[in-house]
Amino acid sequence: MFEQSFKNIDNILHTDSGCGTELDYVEQTSWILFLKYLDDLEETKKTEAALAGKKYEYILSSEYRWNSWACPKNGGGKLDHNKSLDGDDLKDFVNNKLFPYLKRFKAEEPNTIEYKIGEIFSELKNKISSGYKLREILNIVDDMHFRLYEEKHELSHLYEAKIKNMGNAGRNGGEYYTPRPLIKTIVKVVAPKIGDTIYDGACGSAGFLVEAYKYLTENQAKLSSKQMEILQTKTFYGKEIKSLAYIIGIMNMILHGIEAPNIRHMNTLAENINDIQEKDRFDIILANPPFGAGIGREIQQNFPIKTGETAFLFLQHFIKILKAGGRAGIVIKNTFLSNTDNASVSLRKLLLENCNLHTVLDLPGGAFQGAGVKTVVLFFEKGAPTKKVWFYQLNLARNLGKGNPLNENDLVEFVELQKTKADSENSWSIDVTKVDQNTFDLSVKNPTKSNEVALREPKEILEDMKSIDDNVKNILEQIGEII
């Protein structure tokens, strides 16, 4: 229904001087789609109120509703060209009246749709420089509807595709897009239930929360109204520091059926983990936290294990904020398992002593497009120490890449073997008592592949490079003396 509409919008944005990248296309499409969604939602609620014999109070005042400024209609239901704004008039209205008005809703109660309106429009601006091109886009979006299940399903599917394209186009694609086959697999293994609280402290485009919602709704015969209310308001929680990712995450959840997502725009790591209380904890954690060094000392003071590595701070946060008996599936760099620095050793010790790290999924290079690091997925339960770790090494007969991405079939064997933690050519278990109690090294070393070369430590590689450079320098000096 809407695939061509999305292409037409992208084509218009491509010719606008204010939008230069795929990230801009998604951001600008998002705020327009959001306002159309809001209009459809208000009309649906008005109809429901009328059927119940009640009067509906609109969220937006009449001047700022879709049918007043975006696409006013005549008596025949067609666009009223006498009332519709265009060119500079439209652009001035959006920039100087609409956005400032919508920002004011940030004063409302958090976790309401009103608050989300305020946050979204406080974090972005209209980048479409041509009011005439904005008019074209509004006309296209006006033909999209959020009423029927089929319409919402297709819109959510197309929006996911846009997020994927944005992730692939951006230098830091992993911030926005974790491969959906991997997310689905992690959700299957962690297996949340209705009534569980599900949290992602680095939610990006909310892929984990969306897939968990789909898992919970698609694996139930029929949900009661009470179960739907629990899913809508008391199940999914997220935090995201980056404005664009936050906006996309909210929009992604809305398009998948969560009306007022419990996503907060904040720096998760700015919270001192000693301040986390029982009421703050969650049953399930699903996350792919950002990797990278450079976290300042003021942030590191919030954690008992000081490190500049972002993902290691997030892992401490996740362990602390998980309820006793809670379950987690977390993506992290594979070097976490073997690094010998004090922070890595202390963190592995903390994880093994406080949680049951029952499964490690070792992913091949290329699983994350645009990311040059190898990753593993840690599956653990909080409350009892680890006794045995089951490893699964995903060995594929092909190289992963943009034209050959990870798919769900690649992970079928893992999901099946994980149920019983069975040994195979690609899987094995280790007893934690046999792990070096000084380093807690958990390197992935497949015992069925004895000819496999263990990856060297970065420090060792750098020392070798320095030694080679010194040798080259000496040789060049000797040649210089001869000449």
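The values are calculated or read from the model by the stated rules, or taken from the named source; none is laboratory data. Small disclaimer: the values here were computed from a predicted structure and weren't measured. Note that each Cβ is placed from the backbone with ideal geometry, even for glycine, and that neighbours are counted across all protein chains shown.
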(message) Regarding the stretch 297-315, can at least one residue be identified that is among the β-branched types (V, I, T), at pLDDT 95 or above and within 30 Å of E109 (Cβ to Cβ)?
(response) no
(message) Can you tell me how many residues within the stretch 285-294 are under 21 Å from V210 (Cα atoms) and either free of Cβ contacts under 8 Å to residues at least 40 places away in the same chain or β-branched (V, I, T) (or both)?
(response) 1
(message) Looking only at the stretch 337-386, how many residues end up being touching a Lys or Arg at 6+ places or on another chain (Cβ under 6 Å) and surrounded by fewer than 20 Cβ atoms within 10 Å (Cβ to Cβ)?
(response) 4
(request) For the stretch 10-28, name all the residues that are part of a helix (DSSP H, G or I) and at pLDDT 90 or above. (result) D10, N11, I12, L13, H14, Q28
(request) Select from the stretch 292-347 the residues that are touching a Ser or Thr at 6+ places or on another chain (Cβ under 8 Å) and of a type in the set (A, V, I, L, M) and list them in ascending order. (result) A293, I295, I305, L313, V331, I332, L337, A343, V345, L347
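One line per residue, one yes/no per condition, for (1) touching a strand residue (DSSP E or B) at 6+ places or on another chain (Cβ under 8 Å); (2) farther than 21 Å from I137 by Cα; (3) not assigned by TED's automatic domain parsing to the domain that holds G131:
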residue	(1), (2), (3)
E48	no, yes, no
I59	no, yes, no
W69	no, no, no
G76	no, yes, no
L79	yes, no, no
N82	no, no, no
L85	no, no, no
V94	no, no, no
(request) Select from the stretch 177-194 the residues that are part of a loop (DSSP other than H, G, I, E, B) and of a type outside the set (D, E, K, R) and list them in ascending order. (result) Y177, T178, P179, A191, P192
(request) Can you give me the number of residues within the stretch 250-262 that are buried (at least 24 other Cβ atoms within 10 Å of the Cβ) and in contact with a Leu (Cβ under 8 Å, 6 or more places away or on another chain)? (result) 3
(request) Out of E109, E114, E151, report the one residue that is in a helix (DSSP H, G or I) and either among the hydrophobic types (A, V, I, L, M, F, W, C) or under 22 Å from G238 (Cα atoms) (or both). (result) E114
(request) Restricting attention to the stretch 189-222, report how many residues are surrounded by fewer than 21 Cβ atoms within 10 Å (Cβ to Cβ), in contact with a helix residue (DSSP H, G or I) (Cβ under 6 Å, 6 or more places away or on another chain) and charged (D, E, K, R). (result) 0
(request) May I ask you to verify whether F291 is outside any helix (DSSP H, G or I), of a type in the set (F, W, Y) and within 19 Å of Y177 (Cα to Cα)? (result) yes
(request) Any residue in the stretch 270-284 that's at pLDDT 95 or above: show its pairings with residues that are among the acidic types (D, E) at Cβ separation under 7 Å, as long as the two are six or more apart or on different chains. (result) D283/D196; I284/D196
(message) Please determine whether any residue of the stretch 438-449 is within 21 Å of T185 (Cβ to Cβ), part of a strand (DSSP E or B) and either in the same structural domain as Q316 (by TED's automatic domain parsing) or in contact with a Phe, Trp or Tyr (Cβ under 8 Å, 6 or more places away or on another chain) (or both).
(response) no
(request) Only strands (runs of 3 or more DSSP E) wholly contained in the stretch 353-416 count here; list those with 1 or more residues that are at pLDDT 95 or above, under 22 Å from the mean Cα position of the chain (by Cα) and not hydroxyl-bearing (S, T, Y). (result) 355-362, 375-382
(request) Report the residue count in the stretch 117-144 for those that are assigned to a helix (DSSP H, G or I) and within 29 Å of the chain's Cα centre (by Cα). (result) 13
(request) Please name all residue pairs, on different chains or six or more residues apart, with Cβ atoms under 8 Å, provided the first residue is in the stretch 103-130 and is within 12 Å of I250 (Cα to Cα) and not assigned by TED's automatic domain parsing to the domain that holds F93 and the second residue is among the aliphatic types (A, V, I, L, M) and crowded, with 16+ Cβ neighbours inside 10 Å. (result) none
(request) Kindly establish whether R147 is over 27 Å from T44 (Cα atoms), at pLDDT below 85, out of contact with any Pro (no Cβ under 6 Å at 6 or more places or on another chain) and among the charged types (D, E, K, R). (result) no
(message) Consider the stretch 67-91. How many of its residues are over 15 Å from L38 (Cβ atoms) and either free of Cβ contacts under 8 Å to residues at least 12 places away in the same chain or touching a Cys at 6+ places or on another chain (Cβ under 9 Å) (or both)?
(response) 12
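Among the residues that make up the stretch 450-458, is at least one of them among the charged types (D, E, K, R) and either assigned to a helix (DSSP H, G or I) or at pLDDT 70 or above (or both)? Before you say what the answer is, go through the steps one by one.
At the first step, the residues of the stretch 450-458 found to be among the charged types (D, E, K, R) are 452, 456-457.
Narrowing further to those that are either assigned to a helix (DSSP H, G or I) or at pLDDT 70 or above (or both): none.
No: the stretch 450-458 contains no residue that is among the charged types (D, E, K, R) and either assigned to a helix (DSSP H, G or I) or at pLDDT 70 or above (or both).
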(message) Looking only at the stretch 283-336, count every residue that is of a type in the set (F, W, Y), under 14 Å from A202 (Cβ atoms) and crowded, with 22+ Cβ neighbours inside 10 Å and tell me the total.
(response) 3
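From the set of residues in the stretch 214-242 that are among the hydrophobic types (A, V, I, L, M, F, W, C) and part of a loop (DSSP other than H, G, I, E, B), which is farthest from the chain's Cα centre (by Cα)? Quick ask: steps written out before the conclusion?
Kept after step one, since they are among the hydrophobic types (A, V, I, L, M, F, W, C), are these residues of the stretch 214-242: 216, 221, 223, 228, 230-231, 236, 241.
Filter once more, keeping what is part of a loop (DSSP other than H, G, I, E, B): 221, 223, 241.
On the way: A221: 28, L223: 26, I241: 11 Å.
The extreme case among them is A221.
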(request) Considering each of E48, E3, E57, E27 in turn, give the residue that is surrounded by fewer than 12 Cβ atoms within 10 Å (Cβ to Cβ), in contact with a Leu (Cβ under 9 Å, 6 or more places away or on another chain) and charged (D, E, K, R). (result) E3
(request) Could you tell me which residue of the stretch 68-116 is surrounded by the most Cβ atoms within 10 Å (Cβ to Cβ), considering only residues that are of a type in the set (A, V, I, L, M) and modelled with pLDDT under 90? (result) I113
(message) Suppose the filter is of a type in the set (G, A, S) and modelled with pLDDT under 75; does S429 pass it?
(response) no
